[in-house]
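Rule-based calculations on the coordinates, nothing more; no lab input. None of these values were measured; they are calculated from a predicted model. All Cβ positions, even for glycine, are placed from backbone atoms using ideal geometry, and neighbour counts span all protein chains on display.
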Amino acid sequence: DAMVIQNPRYQVTQFGKPVTLSCSQTLNHNVMYWYQQKSSQAPKLLFHYYDKDFNNEADTPDNFQSRRPNTSFCFLDIRSPGLGDAAMYLCATSRGGANTEAFFGQGTRLTVV
Amino acid sequence: QQQVKQSPQSLIVQKGGIPIINCAYENTAFDYFPWYQQFPGKGPALLIAIRPDVSEKKEGRFTISFNKSAKQFSLHIMDSQPGDSATYFCAASDSGNTGKLIFGQGTTLQVKP
C-alpha cells in the first residue's frame with residue numbers, strides 16, 4: 001500500500017519544454033518535500049510546504065516551481081529543463097515538528113533530451 | 001554548518017561482517033538523526049533513527065551509536081547479508097525547521113556472499 005505516490009516513474013522531456021511531476025499522499029501529513037537526487041549523490045532539498053506555506057531553499061534555481069493545491073497533492077514544475085536537470089526527483093512527506101519520520105515516494109526519473 | 005559529513009563513500013564486506021558507517025555534524029540545533037536505506041531505482045526508506053538524549057539504539061541487526069560531545073554518530077550492521085547491499089544515507093534535522101532533512105553524502109555498501 002503505497003503511501004507516497006509519484007507519477008510518472010519515468011519522464012522524458014525535451015530540452016526547454018516545461019514538465020510537471022506529481023506527488024500524492026495518503027498519510028494526511030502536513031509537510032511535503034521535493035528533493036533532487038543526481039546519480040551517486042545525496043538527495044538535495046529543493047523546497048517544501050508546511051500546509052500551504054511554501055519554503056524555498058536559497059539555492060533552488062528559479063526554473064523550479066511547486067504547487068500544492070490541497071493536502072494530498074503536490075506538483076513540481078520545471079519551466080525550462082536543461083540537461084543538468086536530469087535526475088531522480090523524490091517527493092517526501094512528514095507530520096512536521098520534532099523527530100518525525102519522512103516517508104519517500106519511489107521517485108520520478110527525469111531524462112532531458 | 002548545515003552539512004552532514006559521511007564516510008566511507010563505499011564499503012565492501014563479506015557476509016556476516018559488521019560494516020560501520022560514520023557521520024559527523026556541526027549544527028548543534030540538530031535533534032533528530034535518521035538513517036535511510038536506498039536500493040537502486042527506489043526512494044530512500046527509514047531504517048533507524050536516534051535522538052541526542054540517547055547514546056545507542058538497536059533495532060534488529062541495525063545499531064546507531066551517538067556521541068553528542070563529538071557530534072558524531074554511526075551505523076553498525078550486525079551479521080550483514082547480501083540483501084543489505086544498498087546505499088545508506090545518514091541525515092539530520094532541526095525540529096524547529098519543519099523536519100527538513102540534511103543528508104550525508106551516502107555510502108554504497110556491498111555485502112559479498
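A few points about this structure:
- Charged-residue dipole, Cβ positions (Lys, Arg, Asp, Glu), the protein assembly as shown about Cα centre, Debye nearest 20: 420
- Zero-based 5 Å bins, Cα pair distances in the protein assembly as shown, whole percents: 1, 7, 15, 18, 19, 16, 12, 7, 3, 1, 0
- Note on residue B:5: lysines with a C-alpha under 29 Å away, same-chain residues under 8 apart excluded, are A:38, A:44, B:15, B:42, B:57, B:58, B:68, B:71, B:100, B:112.
- GNM top mover of B:53, B:84, B:31 - chain B, alpha-carbon springs below 10 Å: B:53
- Euclidean distance between Cα centres, the stretch B:61-85 to the stretch A:42-103, Å: 29
- Taking B:78, A:88 and counting other C-beta atoms within 10 Å, the order from fewest to most: B:78, A:88
- Shape call, the stretch B:36-113: gyration tensor on alpha carbons, a/c limit 1.5: oblate
- Most mobile listed residue (B:58, B:100, B:15) in chain B, GNM with C-alpha springs under 10 Å: B:100
- Table column - 3J(HN,Hα) (Hz), the stretch B:25-38, Karplus curve with 6.51, -1.76, 1.60, x for Gly and Pro: 9, 10, 6, 6, 7, 5, 9, 8, 10, x, 10, 10, 10, 10
- Among A:24, B:35, A:82 - extreme Cα towards positive end, dipole of the protein assembly as shown, charges at beta-carbon: A:82
- Charge tally around residue A:70: other residues with Cβ under 13 Å, Lys/Arg +1 each, Asp/Glu -1 each, net +2.
- Per-residue mean of foreign Cβ neighbours for A:40-46 is 6 (Cβ atoms of other chains, 10 Å radius).
- Sites listed here are trypsin sites (Lys or Arg not before Pro) in the stretch A:30-93 whose DSSP assignment is loop and whose Cβ has at most 14 other Cβ atoms within 10 Å: A:38, A:52, A:79.
- Total charge dipole magnitude, the stretch B:1-103, about the Cα centre, Cβ charges on Lys, Arg, Asp, Glu only, Debye to nearest 20: 100
- Size of electric dipole in chain A: Cβ of Lys, Arg +1 and of Asp, Glu -1, about Cα centre, debye, nearest 20: 260
- Percent of beta bridges antiparallel (DSSP, the protein assembly as shown, rounded to nearest 5): 90
- Unit charges at the beta carbon, dipole of the stretch A:4-112: most positive-side option, A:45, A:6, A:35: A:6
- Each principal axis of the Cα cloud of the stretch A:4-112 was taken in turn, and the coordinate range along them, longest first, works out to 38, 24, 23 Å.
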